[in-house]
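Asker: Let me begin by handing over the structure; questions about it come next.
The values are calculated or read from the model by the stated rules, or taken from the named source; none is laboratory data. Only a predicted model underlies this, so the values are computations on that prediction, with no experimental measurement involved. All Cβ positions, even for glycine, are placed from backbone atoms using ideal geometry, and neighbour counts span all protein chains on display. Note: accessible area is taken over every heavy atom of the protein model, side chains too, but ligands, DNA and RNA are not part of it. Shrake-Rupley method; radii C 1.70, N 1.55, O 1.52, S 1.80 Å.
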Amino acid sequence: MPILQVENLRTHYFTDEGPVKAADGVSFTLEKGESIGIAGESGCGKTTVAMSLMRLIEGGAVVGGKVILEGLSLLDMPMKQFRKITWDKISLVSQAAMGALNPVKTVGSQIVEAIRLHMDLSKSDAWERTRFLLSQVKVDPLRAKSYPHELSGGMKQRVMIAMALACNPQVVIADEMTTALDVVTQAQVLQLLIGLQKELDLSLIYISHELSILGQACDRMIIMYAGKIVEMGPTETVFSEPGHPYTQKLLSSNMDVHSDCAIPESIPGKPPDLLNPQSRRRQVKDLLRKDAYDPHFLHRALGGALIIQATMQRDRHHA
Ligand SMILES: Nc1ncnc2c1ncn2[C@@H]1O[C@H](COP(=O)(O)OP(=O)(O)OP(=O)(O)O)[C@@H](O)[C@H]1O
Ligand SMILES: [Mg+2]
C-alpha cells in the first residue's frame with residue numbers, strides 16, 4: 001500500500017485569458033521510503049503539483065482529483081485539520097522558502113517556533129530538539145543563535161531541511177531545493193538529504209529541472225510536459241531507455257563532459273535552458289581537475305545522466 005496516492009490531480013490558475021491547466025490529470029503513487037523525482041522543462045507544472053499537495057495554490061485552485069496520504073484524503077479535509085498534518089506528515093522544502101526565513105529572528109528561534117506550533121513540547125525541549133535537528137543536518141548547533149544573513153546559502157538550505165524535518169514528517173517534498181547553490185554545495189546538500197532519507201525512512205518527492213541531480217537522488221522518475229505526466233518509471237530505465245520522445249530530448253540536452261561537442265542538443269520550441277550546459281560543462285571539468293575534491297563522489301553527485309554518458313564513453317574508448 002503506497003504512503004501517498006495522487007489521482008487525476010487537476011489544478012487551474014485563473015487568468016484574464018482563461019484557465020491555465022497547470023496540472024492536467026496527474027496520477028502517481030509514492031511508497032514508504034521511496035524517492036520519486038519530477039522533471040520537466042520550466043513551466044510544465046512541477047511546482048503546481050507540489051503546491052497542490054500542500055494546499056498552497058494561489059491565484060488558482062485544485063479543480064479535480066484526489067490526494068490520499070496514509071488513507072487520509074488531503075484535499076477534502078477542513079483546512080484546520082490539514083494544517084495539523086502538514087509538518088507532522090508531509091512537509092515542503094523549496095528554494096523559494098529560503099527567503100521565507102525571517103531576517104530579524106535567529107534560525108534556532110524560528111525552528112523552535114515551528115516545533116512548538118505543531119508539537120506539544122516545552123520551550124526547553126523544543127530548543128533541545130532544534131539543536132538535535134541542526135546536528136542532524138550537519139550544522140553546528142551553536143549556529144542556532146545565528147541570524148539568516150550570517151549563514152551561507154548551503155547552511156540556510158540545511159536549516160530549511162531541519163525545519164522541514166522538525167515534526168518527523170513521513171513525506172518530504174523538495175522543490176528546486178539546491179538550484180541556486182554552486183555545484184559542490186548542491187552535491188553536499190543532496191548527499192545529506194539522501195543520507196537522511198535512508199536514516200529516517202522518509203518518502204521523498206524531489207523536484208528539479210536538473211536530471212543529473214534526480215538521477216542520483218531518486219528511485220523512480222516522473223517526466224512532465226505541459227501539465228501532464230508523459231513518462232514514469234524506474235530511474236535507470238527512464239535514463240537508459242527513455243520511451244517518450246520528450247524524455248529522449250530532455251536527456252539528450254544533458255551535456256557530456258568527455259565529448260568534444262561544445263553545444264548539447266536542445267529541445268525545439270520554448271528554450272529549455274535545462275542545465276545551462278555551457279557554463280556547467282566548464283564547471284564540471286574544472287571540478288574534476290581539482291585534487292581537493294573526490295572526483296568519484298563529484299561524478300556521482302553531479303550526474304546520473306552524466307555517469308551513464310561518461311561510462312558509455314569510457315567503455316567505447318576501451319573497447
Ligand atoms: N499564480 C499563477 N497564475 C497564473 N499562472 C500561473 C500561476 N502560477 C503558475 N502559473 C503557470 O502555471 C504553469 C506551471 O507553473 P509551475 O510553476 O508549476 O511550473 P514549474 O514546472 O514548476 O516551472 P519551473 O521549472 O520554472 O519552476 C506555468 O505556465 C505558469 O506560468
Ligand atoms: Mg517550479
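Asker: Would you mind checking which residues have amide H under 5 Å from residue 23's amide H? H placed 1.01 Å from N; only 5 or more apart, or other chain.
Answerer: Counting only residues 5 or more places away or on other chains, the set is 11.
Asker: What ranking, highest mean first, results for peptides 100-107, 60-67, 162-169, 211-218 when packing means the other Cβ atoms within 10 Å averaged over each residue?
Answerer: 211-218, 162-169, 60-67, 100-107
Asker: Hey, what's the range 1-155 come to in accessible area per residue, 1.4 Å probe, Å²?
Answerer: 50 Å²
Asker: Say each of residue 123 and residue 83 gets a label point 7 Å from the Cα, pointing the same way as Cα to Cβ; how far apart are those two points in nm?
Answerer: It is 2.3 nm.
Asker: At a 1.4 Å probe radius, carbon and sulfur cover how many percent of the accessible area of the range 146-190?
Answerer: Taking all protein chains in place, the range 146-190 shows 49 percent carbon and sulfur surface.
Asker: On to the next question. Could you compute the FRET efficiency for residue 1 and residue 244, with r as their C-beta to C-beta distance and R0 at 35 Å, rounded to 0.05?
Answerer: Using R0 = 35 Å, I get an efficiency of 0.80.
Asker: Cα to Cα, under 17 Å, and not fewer than 8 places away if on the same chain: which lysines meet these conditions relative to residue 32?
Answerer: Candidates past the 8-residue exclusion: 89, 198.
Asker: Rounded to the nearest Å, what's the spacing between the alpha carbon centres of the range 101-125 and the range 18-42? Just the number, please.
Answerer: Computed from Cα coordinates, the inter-centre distance equals 31 Å.
Asker: Amide H to amide H under 5 Å from residue 230: which residues, 5+ apart in sequence or cross-chain, H placed 1.01 Å off N in plane?
Answerer: Placed amide hydrogens put 223, 224, 225 under 5 Å from residue 230.
Asker: Stick to the Cα atoms of the range 178-244, pair each with every other, and give me the Kirkwood hydrodynamic radius in Å at one decimal.
Answerer: In the range 178-244 this quantity evaluates to 13.0 Å.
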